[in-house]
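Down below is the structure, laid out as structure tokens.
The values are calculated or read from the model by the stated rules, or taken from the named source; none is laboratory data. Fair warning: this is a prediction, and the values are worked out from it, not measured in the lab. Every residue, glycine among them, receives a Cβ derived from its backbone with ideal geometry; neighbour counts consider all protein chains shown.
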Amino acid sequence: MKAIVLDRTTEAKDIILSECPIPTVRPGWVLVKVKAFGLNHSEQILRLNEIKAPYIQKPIIPGIECVGEIVDPSDSGFAFGQKVVALMGGMGRSFNGSYTEYALLPERIVFAVDSDLPWEALGAVPETYFTAWGSLFECLHLTADDTLLIRGATCALGYTAMQIANTLGCRVIATTHRETKLALIADVNEAVLDDGKLTGRIHGVTKALDLIGPRNLKDTLTAVEKGGIVCQTGILGGVYALNGFDPIKDIPNGIYLTGFFSNYPTQQIMDEIFAFLNKKNLVPVCGKVYNFENIRDAVAAQDEGKVNGKIVVRV
């Protein structure tokens, strides 16, 4: 089979397809013929820096999500040819991931799918929609009556959150720090150019999805109304922790702070996501689709920020 195999920091220009043996199935694991997979910031971090960490199995096939068909169900409850999605749980870090034609994956992170969407559309769903869904509903308890702030909306997760919130009927305020990208978030109630300070500039926010992260988190906490909830899911701002953060002083009275960690998908949540997509007749948000043989171009586009939205690779 063909696969991307990494053993050191690797820039886009150095991405090559390697020939590898198809994995041998073992109990508790299933073999999936990969039909499509999405690119994620997580894999970019792995490829450019984290691969040096001792806890990363090397060599490693990256990729934290995929969609495809079961070709060997082993001792699982899956059937040959069954349509599935797989994501997270150590995929692409502790064991080989999805940048390949065949992926050997633990049964616990593989989920059955009921959808007639084409593979490239399905490829935009697993990690991005799971993270958006968990952030909006498990963490923010979003309802149609809410005014939702999406801070850092011009990313794959932001576009997905906008689609879900718009479909739900919320009032949506979306931000970007680039004036050239304001047109990309025009399909909301209010598109805001984010200069790092939103407090006093926006009003009525009851729920906030912060995709910038610690760099602007304190400002997000003071930009929402009393009783509001802030969910910090993304780290687009490049700051990964808040040194000296004082919860008593930095979280305003009556404001609630939570975060979503997308490492624990379940069949129930995946069923809810696809039921929502089917019921609302929604097509998953996708920026651009590349063929597997052109994955170097896909990775370069990711590194250079050329694609607005989710990059999907069709295998």
Residue count, segment 268-286 (criterion: assigned to a helix (DSSP H, G or I), exposed (fewer than 11 other Cβ atoms within 10 Å of the Cβ) and of a type outside the set (D, E, K, R)) = 1
When segment 258-267 is examined, which residues are found to be closer than 15 Å to Glu65 by Cα and not in a loop (DSSP other than H, G, I, E, B)?
-> Gln267
Hits in segment 215-236 - residues which are modelled with pLDDT of 95 or more, of a type in the set (A, V, I, L, M) and part of a loop (DSSP other than H, G, I, E, B) | Val224
Say we look at segment 149-187 and pick out the residues that are small (Gly, Ala, Ser) and surrounded by fewer than 19 Cβ atoms within 10 Å (Cβ to Cβ); which of these is nearest to Ala132 (Cα to Cα)?
-> Gly169
Return yes when Ile212 is over 30 Å from Val113 (Cβ atoms), within 17 Å of the chain's Cα centre (by Cα) and assigned to a loop (DSSP other than H, G, I, E, B) and no when it is not.
-> yes
Is it true that Glu190 is at pLDDT 95 or above, under 17 Å from Thr154 (Cα atoms), among the acidic types (Asp, Glu) and over 22 Å from the mean Cα position of the chain (by Cα)?
-> yes
Is at least one residue of segment 106-113 under 16 Å from Phe261 (Cβ atoms) and of a type in the set (Lys, Arg)?
-> no
In this structure, does Leu193 turn out to be surrounded by fewer than 24 Cβ atoms within 10 Å (Cβ to Cβ) and over 28 Å from Asp271 (Cα atoms)?
-> yes
Would you pick out the residues in segment 27-56 that are among the charged types (D, E, K, R) and either in contact with a strand residue (DSSP E or B) (Cβ under 8 Å, 6 or more places away or on another chain) or more than 30 Å from Phe78 (Cα to Cα) (or both)?
-> Lys33, Lys35, Arg47, Glu50, Lys52
If you take the residues of segment 190-209 that are part of a loop (DSSP other than H, G, I, E, B) and free of Cβ contacts under 8 Å to residues at least 24 places away in the same chain, which of them is nearest to Ile273 (Cα to Cα)?
-> His203
From the list Tyr240, Tyr256, Tyr264, which one is under 16 Å from Phe137 (Cβ atoms), at pLDDT below 95 and surrounded by fewer than 19 Cβ atoms within 10 Å (Cβ to Cβ)?
-> Tyr264
